[in-house]
């Protein structure tokens, strides 16, 4: 037996910690937002905070257009290392910012460099893991994003209770630099053996009909991997194939809606602070209910995603998206029930948890798996192409959301927009997964 398990374990741990470091750096804009708003020397408004998130998201969009093609050229490892190092530097710069213009610029640059993480990992996952394990691997890696945000929001929110916000930013950057050093030594670009996945392919002892079918499907998946239709094609030919594909445009629409829904996280701390009269530190820590819910959703997906057919996944994700819409409707109309403030607060946190729980599997997994399988040698470009549209939608959401929260309608107007996006999200998730189901049937 090859030394595959230790190698794969090292790679997934390095990716897990590296992406966590990048997410913590990126999340500092959100974690620090209540403290920035409370700092009278800065004179910031919720519109300013919405703009930070919006320009940051535009930075992520620009970053996708840069890092996707670059990752396909220079490889996942180098792209990943550059991303960790630069996000740490830009968090330090954000912590040194004296005014709105500086915050906006470094928010843009921070999000731009952080966006290198997903295309880099797309290349690494495609090089190191079997196609039938993509769902499990992406579920595990995606928990890095959510788990790091939970711990970072709790820890750095606690630090904000007795430490100034600039020092908190510097501590986050120091952690990222330590992780960068570890990833430099443990992360590898690809297996040395070109037949990495073909080894021991015949070692299947299950002679049942199901076992034989699974073995045949595994062999077909590996053959497709090594003989991809886009193998040896140019960047232009790959992009043209993507632009012509209806499935690509369906996943683009789906991710646009889901990225806007995930962007609610950028407003949760301020929403809770103003709605329930919390301190900035309390609001930052309470907002961890969103990443906790998202993390729980991803942990659940580890158990089911690779086990379900495309049809089964379509059903599960559609139901989950419907629950997310019901969660936002609960936040919108919670005041109608005339409950006590304490009960309202518990129900609101529960609704935010369920919202994040419901959307995270649909947000992270289908697009990531599709990008590797359909994109092949151009997988980083495809995942970045899709993500770019998502971030463009998210930037628009942040611009409008901050202004709606500051308007006469306040958070009620904000929730109206989120309800509309969630409704379209249900339709788009079903449509893409239905297209995937039909494509799987035709193979």
>> Which of 373, 436 has the fewest other C-beta atoms within 10 Å, and how do the rest follow up to the most?
In response: 373, 436
>> If I take the Cα coordinates of the range 23-78 and project them onto the principal axes, what are the three extents in Å, biggest first?
In response: 47, 19, 13
> Among 171, 12, 352, whose mean-square fluctuation peaks in a Gaussian network model of the chain (Cα, cutoff 10 Å)?
Replying inline: 171
> Using the 10 angstrom Cβ neighbour count as an exposure proxy, how do 438, 311 rank, fewest first?
Replying inline: 438, 311
> How high is the relative contact order of the chain, given as a whole-number percent (alpha carbon pairs under 8 Å, six or more residues apart)?
Replying inline: 28 percent
> In the Gaussian network model of the chain, springs joining C-alpha atoms below 10 Å, which of 88, 152, 300 carries the largest mean-square fluctuation?
Replying inline: 300
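How big is the Rg/Rh ratio for the range 300-443, C-alpha atoms only, Rh by Kirkwood, two decimals?
1.04
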> Taking other Cβ within 10 Å of each residue's Cβ, how do 258, 58, 299 sort, fewest first?
Replying inline: 299, 58, 258
> Within the range 142-163, whose backbone N sits under 14 Å from a point 7 Å along Cα→Cβ of residue 279?
Replying inline: 157-163
> Volume per residue, Å³, of the convex hull around the alpha-carbon atoms of the chain?
Replying inline: 136 Å³
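Which semi-axes, in whole Å and largest first, does the equivalent ellipsoid of the range 91-140 have when worked out from the alpha carbon gyration tensor as the square roots of 5 times its eigenvalues?
Semi-axis lengths for the range 91-140 are 36, 9, 7 Å.
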> Between residue 311 and residue 234, what length in nm is gained on full extension when 0.36 nm per residue of separation is reduced by their alpha carbon distance?
Replying inline: 24.4 nm
> What is the spread of the Cα atoms of the range 228-287 along each of their three principal axes, largest first, in whole Å?
Replying inline: 57, 20, 16
> What is the Rg over Rh value, at two decimals, for the range 143-192, using alpha-carbon atoms and the Kirkwood definition of Rh?
Replying inline: 1.14
>> If a paramagnetic tag sat 7 Å from the Cα of residue 181 along the Cα-Cβ line, which residues of the range 60-94 would have the backbone N under 15 Å from that point?
In response: 85
>> For q values of 0.15, 0.23 Å⁻¹, compute log₁₀ I(q)/I(0) with the Debye formula on a Cα-only model of the range 265-370, without solvent.
In response: -0.66, -1.19
> Which percent of Cα-Cα pairs in the range 8-48 sits in each 10 Å bin, short to long?
Replying inline: 27, 31, 20, 15, 7
> Top mean-square fluctuation among 365, 326, 109, Gaussian network model of the chain, C-alpha springs under 10 Å?
Replying inline: 326
> What is the Cα coordinate range of the range 237-326 on the first, second and third principal axes, sorted by size from largest, in whole angstrom?
Replying inline: 52, 31, 22
>> Under the √(5λ) rule applied to the eigenvalues of the Cα gyration tensor, what semi-axes describe the equivalent ellipsoid of the range 362-443? Give them in Å, descending.
In response: 32, 16, 7
>> What are the equivalent ellipsoid semi-axes of the range 324-403, built from the alpha-carbon gyration tensor (square roots of five times its eigenvalues), in whole angstrom, biggest first?
In response: 36, 16, 7
>> If every alpha-carbon in the range 1-141 counts as one equal scatterer, what log10 I(q)/I(0) does Debye give at q = 0.21 1/Å?
In response: -1.17
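Values in this text are rule-based calculations from the coordinates and carry no lab data. Keep in mind that this is a model prediction, so the values were computed, not measured. When we count neighbours, we look across all protein chains shown, and the Cβ atoms used for this are built from the backbone with ideal geometry, even at glycine.
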